[in-house]
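The values are calculated or read from the model by the stated rules, or taken from the named source; none is laboratory data. A quick note: this is a predicted structure, and the numbers were derived from the prediction, not measured. Positions of Cβ are backbone-derived with ideal geometry, glycine not excepted, and every protein chain shown enters the neighbour counts. Side chains are part of the model used for accessible areas, which takes the heavy atoms of the whole protein and leaves out ligands, DNA and RNA. Shrake-Rupley method; radii C 1.70, N 1.55, O 1.52, S 1.80 Å.
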Amino acid sequence: MLELAILGLLQEAPMHGYELRKELATKLGTLRAAISYGTLYPTLKRLHSAGWISEQATETDIVPPMTSKRGRIVYKITAEGKERFADLLAQAGPETYDDAGFGVHFTFFSRTDRATRLRILEGRRRRIEERREGLRDVLARAGDRLDAYTLELQRHGLDACEREVRWLEELITNERSGRTPSAATGGTSDPAAGPAAEAPPEEPAPHRDRP
């Protein structure tokens, strides 16, 4: 998930770690809580070792507050990294139906071919339909034994699933007819994800912006 997101962002422009984390947090919205320096830099190191990104020290770069000189390392995607990104975009297996995988792939749908988009959307719909049926079963079998707040939480989850299924069905219909969401629905967003996430407030960078 993070690998795809990093390579996708670095295709847009080279970035240093602090910038990259901010962009990831903005792009991925509700998934941003999973993005920390403790997960970002090991992933960058692995991508660099694989030859998918390169590192460049730029002494003239503006260093974010509270970062060391090492924060001037800028990451750039390589030709091999662009091929890796294309390979990841073409994947449409079960991992792309889960919440995190689907969110990242959906972020880069404009760069994904239509057939792959359809496979991911249809797989996601099946996953949410299974989740919906599971919640319905819980409410039918044990609803009268749940306390009021647990019952309300289950109902909230069921409502979110039903809304997401409708949203996915609309997207699938649009894909099959060759329309984009903005052209067909006026920019409909994922109702299960809630309103578009605002850019998170800037956080103080760690004392050492590790490469």
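I'd like the full set of residues that are modelled with pLDDT of 80 or more, part of a helix (DSSP H, G or I), out of contact with any Gly (no Cβ under 8 Å at 6 or more places or on another chain) and open to solvent by less than 70 Å² (accessible area, probe 1.4 Å), limited to the range 168-188.
The initial filter retains those residues of the range 168-188 that are modelled with pLDDT of 80 or more, namely 168-181.
If we keep only those that are part of a helix (DSSP H, G or I) as well, we get 168-177, 181.
Restricting the remaining residues to those that are out of contact with any Gly (no Cβ under 8 Å at 6 or more places or on another chain) gives 168-177.
Across the range 168-188, the qualifying residues are LEU168, LEU171, ILE172, ASN174, GLU175, SER177.
In the range 74-95, what count of residues is obtained for those that are in contact with a Ser or Thr (Cβ under 9 Å, 6 or more places away or on another chain) and of a type outside the set (Lys, Arg)?
The number of residues fulfilling the criteria is 9.
Restricting attention to the range 72-97, and to residues there that are among the hydroxyl-bearing types (Ser, Thr, Tyr) and part of a loop (DSSP other than H, G, I, E, B), which single residue is farthest from the chain's Cα centre (by Cα)? Outline the logic, then answer.
Start the filter on the range 72-97 by keeping residues that are among the hydroxyl-bearing types (Ser, Thr, Tyr), which leaves 75, 78, 96-97.
Restricting the remaining residues to those that are part of a loop (DSSP other than H, G, I, E, B) gives 78, 97.
Numbers: THR78: 22, TYR97: 12 Å.
Applying the filter and picking the extreme gives THR78.
Given the conditions (1) open to solvent by 50 Å² or more (accessible area, probe 1.4 Å); (2) more than 20 Å from LEU89 (Cα to Cα); (3) under 17 Å from the mean Cα position of the chain (by Cα), which single one is not true for ARG163?
Going through the list (1) open to solvent by 50 Å² or more (accessible area, probe 1.4 Å); (2) more than 20 Å from LEU89 (Cα to Cα); (3) under 17 Å from the mean Cα position of the chain (by Cα), ARG163 breaks only (3).
Right, PHE85: at pLDDT below 95 and open to solvent by less than 30 Å² (accessible area, probe 1.4 Å) or not? Full working, then the answer.
Details: at pLDDT below 95: no; open to solvent by less than 30 Å² (accessible area, probe 1.4 Å): yes.
Here the answer is no, as PHE85 does not meet what is asked.
Filter the range 104-159 down to the residues that are exposed (fewer than 15 other Cβ atoms within 10 Å of the Cβ) and part of a loop (DSSP other than H, G, I, E, B) and list them by number.
The answer is ASP113, ASP147.
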